[in-house]
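A.B. asks: I have a structure I would like to understand better, so I am pasting it below and will then ask my questions one at a time.
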Amino acid sequence: MELKITVYDKDDKVIKECKAQTIDIKFGQVAALMELMDVENVNDSVELLRIVHKAWKQVIAILSKVFPDMNDDDWENVSMKELLPVVVTILKSSFSEMLTIPKSKNE
């Protein structure tokens, strides 16, 4: 799965495009996202925007692992309508991947 983040200048011209081919974030980062974003209760973009804003530094730290070519200043110039779907995709992908981990049987 390819994810893309576009950085714009003040005139909405593209400065930079960063792509990620895979989403491989650490369990602790997923746990932090789960704690920050009560995703089961997020039903709309406005609520997700509020949550992302509240946890901006933590979210950017995690997104920077997925998009290593992005620097701190770049995140200030990303469109929210592009950023929110990326955040949701990362969360869904991480949760789906965790569900594929085999369970051990206690005998």
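The values are calculated or read from the model by the stated rules, or taken from the named source; none is laboratory data. Everything quoted here is computed from the prediction, not taken from an experiment. Don't worry about glycine lacking a Cβ; one is built from the backbone with ideal geometry, like all the others, and counts go over all protein chains shown.
A.B. asks: Only residues that are exposed (fewer than 10 other Cβ atoms within 10 Å of the Cβ) and farther than 14 Å from Val87 by Cα: list them for segment 2-11, please.
C.D. replies: Once the filter is applied, which keeps residues that are exposed (fewer than 10 other Cβ atoms within 10 Å of the Cβ) and farther than 14 Å from Val87 by Cα, segment 2-11 yields Lys10, Asp11.
A.B. asks: Find the residue count for segment 39-65, including only residues that are among the charged types (D, E, K, R) and modelled with pLDDT under 75.
C.D. replies: Count: 3.
A.B. asks: Tell me, which residue of segment 82-107 that is assigned to a loop (DSSP other than H, G, I, E, B) and polar (S, T, N, Q) is modelled with the highest pLDDT? Spell out the reasoning first.
C.D. replies: Of the residues in segment 82-107, the ones assigned to a loop (DSSP other than H, G, I, E, B) are 100-107.
Still in the running and polar (S, T, N, Q): 100, 104, 106.
Values: Thr100: 63, Ser104: 60, Asn106: 57.
The residue in question is Thr100.
A.B. asks: Hey, could you check segment 66-81 for residues that are surrounded by 14 or more Cβ atoms within 10 Å (Cβ to Cβ) and not polar (S, T, N, Q) and say which is modelled with the lowest pLDDT?
C.D. replies: The residue in question is Val66.
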